[in-house]
Amino acid sequence: MREAPVVELRGVWKTFDHHEVLRGVSLVLPKGTTLAVMGGSGVGKTVLLRLCAGLTRPDAGEIRLFGANIEQLREEAMLSLRRRTGFVFQSAALFDSLSVFENVAYPLREHTTLSEGEITERVHRFLSVVGLPGTDSLLPAELSGGMKKRVGIARALVLEPEVVFFDEPTAGLDPTNARVVGELIAQLRSGVCDTAIVVTHDVEFADMVSDQMAILHDGRFEATGTPEEVHRSTVPAVQAFLAGELRES
Ligand SMILES: Nc1ncnc2c1ncn2[C@@H]1O[C@H](COP(=O)(O)OP(=O)(O)OP(=O)(O)O)[C@@H](O)[C@H]1O
Ligand SMILES: [Mg+2]
């Protein structure tokens, strides 16, 4: 039997206070794919990503995670599916009072019965993956924006998820840090995790990390396909977005 897509959305709607943010969005994320979701500010990218990760429920439409319809899952089954995913929040969302080590160890302490030695090994392995070995005892306040993002990425990876959801991983970073984070995400594909959705409004970055792209505008995807296909789109809103007219950081 064909392996179920990691994420599948069919005709998903989401409304907040009479504002129809998503108006019938469909997508398929097969294993081994990195999908970049792009669109202007406030267009619903974060809402869409949270829906894909099972963190928010849709008003209408169907969402499948690892082949399971999330609407039909009990809380416990949902939690065990979520454990197979990693989420990198738009703001790094680190615990300010916890050290770098404890921030990355947190999901292991919450969701596994690993020994202290195994936790230490795992945390050090993923701090190395994100290029931050030796930062164990630092507090979030002592980190640069780029380092915070990388700690957030290490925390999302530490449970060895099958898919990672990145929300604006380069936003707010200077070009050097943005490139470091971009290279890191591109590298993850060949090792730690080969399936991802990356929300971004940075077209250059999306070109670098994705093999599928989708542009969200007015509650729907206006263009989907390979980066080359999306760049060739003649849809006015897509052209305007790619030309920078609908973008802002
Ligand atoms: N929990 C919520 N309650 C009410 N409205 C919400 C909620 N979450 C999102 N919205 C609204 O949905 C719309 C889309 O928000 P979302 O955060 O997904 O945008 P975005 O594309 O991620 O924007 P940005 O590029 O600024 O991060 C906004 O109008 C926002 O106010
Ligand atoms: Mg957002």
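Couple of notes before you dig in:
- Of the helices (runs of 4 or more DSSP H) lying entirely inside the range 178-242, those carrying at least 2 residues that are farther than 14 Å from L27 by Cα and of a type in the set (A, V, I, L, M) are 203-209, 236-242.
Residue by residue, here is whether (1) within 16 Å of ligand 2 (Cβ to nearest atom); (2) open to solvent by less than 50 Å² (accessible area, probe 1.4 Å) holds:
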residue	(1), (2)
E20	no, no
C52	yes, yes
R57	no, no
I70	no, yes
L79	no, no
R84	no, no
S91	yes, no
S99	no, yes
E102	no, no
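- Residues (open to solvent by 90 Å² or more (accessible area, probe 1.4 Å) and on the phi > 0 side of the Ramachandran plot) located in the range 215-240: D218
- Filter result for G24 (closer than 16 Å to V209 by Cβ, more than 10 Å from ligand 1 (Cβ to nearest atom), of a type outside the set (D, E, K, R) and open to solvent by 20 Å² or more (accessible area, probe 1.4 Å)): no
- Cross-chain or 6+ apart pairs with Cβ under 6 Å, the range 79-95 first and among the β-branched types (V, I, T), then not in a loop (DSSP other than H, G, I, E, B): T85/V163; V88/G152; V88/I153; V88/A156; V88/F166
- Filter result for D202 (surrounded by 20 or more Cβ atoms within 10 Å (Cβ to Cβ) and of a type in the set (D, E)): yes
- Residues being surrounded by 17 or more Cβ atoms within 10 Å (Cβ to Cβ) and free of Cβ contacts under 8 Å to residues at least 24 places away in the same chain - total across the range 128-180: 1
The values are calculated or read from the model by the stated rules, or taken from the named source; none is laboratory data. Since we're looking at a predicted model, the values are computed, not measured. Glycine also receives a Cβ, built like all others from the backbone with ideal geometry; neighbour counts cover every protein chain displayed. Accessible surface areas use protein heavy atoms only, side chains included; no ligands, DNA or RNA. Shrake-Rupley method; radii C 1.70, N 1.55, O 1.52, S 1.80 Å.
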